[in-house]
1. With the condition being at pLDDT 95 or above and touching a Pro at 6+ places or on another chain (Cβ under 7 Å), I'd like the helices (runs of 4 or more DSSP H) fully within segment 419-466 carrying at least 3 qualifying residues.
2. Restricting to segment 328-362, and then to whatever is within 24 Å of ALA387 (Cα to Cα) and of a type in the set (Val, Ile, Thr), can you tell me which residue is surrounded by the fewest Cβ atoms within 10 Å (Cβ to Cβ)?
3. Out of (1) in a strand (DSSP E or B); (2) of a type outside the set (Lys, Arg); (3) surrounded by fewer than 17 Cβ atoms within 10 Å (Cβ to Cβ); (4) in contact (Cβ under 8 Å) with a residue 60 or more places away in the chain, the odd one out for GLU276 is which?
4. May I ask you to say which residue of ALA397, ALA365 is surrounded by fewer than 16 Cβ atoms within 10 Å (Cβ to Cβ), hydrophobic (A, V, I, L, M, F, W, C) and assigned to a loop (DSSP other than H, G, I, E, B)?
5. Report yes if some residue within segment 368-375 is of a type in the set (A, V, I, L, M, F, W, C), more than 18 Å from ILE445 (Cβ to Cβ) and over 21 Å from the mean Cα position of the chain (by Cα); otherwise report no.
6. Can you name the residue in segment 495-531 that is acidic (Asp, Glu), outside any helix (DSSP H, G or I) and over 30 Å from LEU606 (Cβ atoms) and, of all such residues, is most open to solvent (accessible area, probe 1.4 Å)?
7. Working carefully through the options PHE403, PHE362, find the one that is over 21 Å from the mean Cα position of the chain (by Cα) and at pLDDT 95 or above.
8. Against the definition (touching a residue at least 12 places away in the same chain (Cβ under 8 Å) and not in a strand (DSSP E or B)), how does THR592 come out, yes or no?
Amino acid sequence: MAPRPDGGENAVVVNLTNSAAIPILSSKGVTEEITYCKFVLETRVVCQIAVRDGTGRNVIGANRMATISNDGKDMRLLSAKDTGNAYFKSAFGGAVIDYNVPGNPNAVLMTRWFPPENRTGTIMGNSGFGLAVEQVDVLTGDRKRVESPRESAEGYISDGQGHVRMMVTQPTSENGYTKGQLNYSYRPAGGGSWTALSKVTFSGGLSAGFEPVAVDSSANVAYGFDANGNYLGLYKRALDGSGTTSLVLGRADADVDELIRIGRNRRVVGASYATEKRTDEYFDPELRKLAAGLGRALGGGKQISIVDATTDEGKLLVFGGSDTDPGTFYLFDKASKSLGELLPARPELAKMPMGTMKPVQFPAADGTMIPGYLTLPPGSTGKGLPAIVMPHGGPSARDEWGFDWLVQFFVARGFAVLQPNYRGSSGYGTAWFRNNGFKSWPTAIGDVNDAGRWLNSQGIAAPGKLAIFGWSYGGYAALQSAVVDPDLYKAIVAVAPVTDLDAVREESREDADFYVVDAFIGTGPHVESGSPARHAERFKAPVLLLHGDADTNVGVNESRLMKRRLEGAGKRVEYIEFPSLAHSLDNAAARTRLLSTSDRFLRAALGL
């Protein structure tokens with residue numbers, strides 16, 4: 001995938017012999033994007049394309065799957081067409097869940113949503129509706145049903161060998177809202193009826209129960225995540241009816257939260273977790289030894305990840321990068337033991353000096369040490385700088401060591417940047433997560449503000465030159481920080497921020513997951529006190545708001561409300577709205593404007 005200069009992206013096939021790049025599919029960006037592409041045959045690629053239309057609460061999105069020849073000359077729709085008597089068109093075009101189908105190397109297993117149909121006056125049509133699985137030939141388009149539609153089905157998990165082994169269902173209430181629960185069932189290796197395996201419940205951003213994510217057919221087990229004391233661990237559970245469960249990887253200081261899979265059959269080869277830096281642990285002894293050797297060979301403190309493999313795993317796609325290196329893809333040939341450079345992730349930054357990201361800790365008001373990352377402009381003394389506190393989004397997320405385009409932009413402009421992993425962040429266990437960053441906002445925002453105070457006390461931030469920049473929940477934190485301590489920051493930038501907790505709740509009332517969102521926000525006095533739009537009178541620093549009007553994560557009305565309230569209180573506020581763009585503002589021109597406007601705003605507010 002490669003960005004286009006005028007926005008959007010290209011799907012590009014790169015010839016490994018001569019490095020010639022052949023664009024096979026393009027999107028114009030803004031209202032359409034290429035979600036992912038993957039080879040299914042040597043001669044064909046499968047891509048998912050997402051489109052959307054509308055603004056505000058009237059955004060309609062859909063996706064479709066297509067198969068494309070590796071020279072880009074032949075493109076065919078892989079998603080099924082809805083029948084003429086369907087009550088509505090399906091927005092979901094399906095997803096590939098297995099690239100191996102016994103007896104048909106040209107086929108994949110795909111999910112398909114069947115909408116309800118009007119069968120009045122006809123004996124044709126589907127008797128059921130919901131999510132199903134089909135075997136689809138990528139050359140002919142022929143389809144064969146593997147799993148019948150189920151209204152409650154949320155997903156299926158195959159074993160990488162063409163067999164659907166697990167089904168995920170979600171119960172709903174009488175009024176149509178989904179409950180905060182997923183039920184997992186499995187089918188025996190030789191086939192048969194579905195048997196209950198586990199139940200996972202969700203409340204306030206935390207889950208409880210064994211959550212399967214992959215099936216290993218050779219061992220007849222499911223890999224999944226579950227509690228390991230205060231943290232998440234990776235477990236495997238037998239699919240032979242015994243329910244035997246054993247811990248595969250656990251830590252006493254971090255959540256094990258990612259599975260590593262490679263190859264056409266998506267073989268499970270390891271798992272990863274993040275402490276100060278992310279660590280990949282490989283279960284496969286050969287890959288464990290290989291990853292360590294590649295790390296030594298590439299040097300420079302790079303993090304090495306094995307991204308994918310050929311069908312026989314004879315060749316591996318490897319990625320190496322660091323905080324000061326956006327990273328490069330390499331091809332490793334096991335037979336010749338050779339490592340060749342393929343493509344840099346961001347070639348434009350090849351000679352750009354980067355700031356080193358240093359893990360730090362600072363004290364919160366209650367004495368708790370808060371972890372974070374401090375990045376300073378290269379060549380600076382680290383003292384007396386304009387500085388930015390940059391809380392991450394989520395809040396069920398965390399910042400990690402590695403290249404960060406937002407951080408490096410501001411560092412290149414002379415700012416010190418501190419990214420606090422405040423209490424409410426994920427990855428540090430349930431005790432650190434607390435009741436999430438909304439219900440426990442006084443603790444989370446207190447930690448964010450203590451990050452700013454630490455920059456001041458250490459002399460890193462020059463007097464009167466401290467600002468805060470946040471995106472999504474980070475934008476909420478940037479605004480709420482001013483409600484708590486109006487004098488701390490001298491400039492506030494909030495991108496796609498939550499500004500009123502009740503408004504966020506109401507935005508989801510017509511969505512199926514309203515109960516989940518309602519529980520996440522909670523009720524009580526924290527809702528009023530934790531809604532920055534209701535406390536505009538407390539703001540002293542100027543505010544810059546930026547938001548896409550097609551944002552379905554945090555509705556654009558959140559920023560519009562904040563702008564009105566600040567203006568009504570006589571406060572200084574600028575607002576930029578990006579037409580037809582969603583939450584991530586995934587468009588080159590929009591991000592360029594975001595960066596340049598933010599830089600100009602901060603310099604003016606801080607007197608730089």
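The values are calculated or read from the model by the stated rules, or taken from the named source; none is laboratory data. Since the model is a prediction, treat every value here as computed from it, not as a measurement. Methodologically, a virtual Cβ is constructed for each residue, glycine included, from the backbone with ideal geometry; neighbour enumeration extends over all protein chains shown. Surface accessibility is based on the protein's heavy atoms, side chains included, excluding ligands, DNA and RNA. Shrake-Rupley method; radii C 1.70, N 1.55, O 1.52, S 1.80 Å.
1. Working: elements: 430-433, 436-439, 441-457.
Ranges flagged: 441-457.
2. Taking segment 328-362 and keeping what is within 24 Å of ALA387 (Cα to Cα), we get 349, 352-362.
After this cut, where a residue has to be of a type in the set (Val, Ile, Thr) as well, the list is 356, 360.
Numbers: THR356: 14, VAL360: 18.
Step by step, filter segment 328-362, then rank; the result is THR356.
3. Every listed condition holds for GLU276 apart from (1).
4. Details: ALA397 fails: surrounded by fewer than 16 Cβ atoms within 10 Å (Cβ to Cβ).
Criteria check complete, one pass: ALA365.
5. Residues of segment 368-375 that are of a type in the set (A, V, I, L, M, F, W, C), as a first pass: 369-370, 374.
Applying the additional criterion that residues be more than 18 Å from ILE445 (Cβ to Cβ) yields 374.
With over 21 Å from the mean Cα position of the chain (by Cα) added as a condition, the list becomes 374.
Yes, because at least one residue in segment 368-375 is of a type in the set (A, V, I, L, M, F, W, C), more than 18 Å from ILE445 (Cβ to Cβ) and over 21 Å from the mean Cα position of the chain (by Cα).
6. Per the stated criteria, the residue is GLU510.
7. Working: PHE403 fails: over 21 Å from the mean Cα position of the chain (by Cα).
Sole residue among the options that is over 21 Å from the mean Cα position of the chain (by Cα) and at pLDDT 95 or above: PHE362.
8. Working: touching a residue at least 12 places away in the same chain (Cβ under 8 Å): no; not in a strand (DSSP E or B): yes.
For THR592, the condition - touching a residue at least 12 places away in the same chain (Cβ under 8 Å) and not in a strand (DSSP E or B) - is not met.
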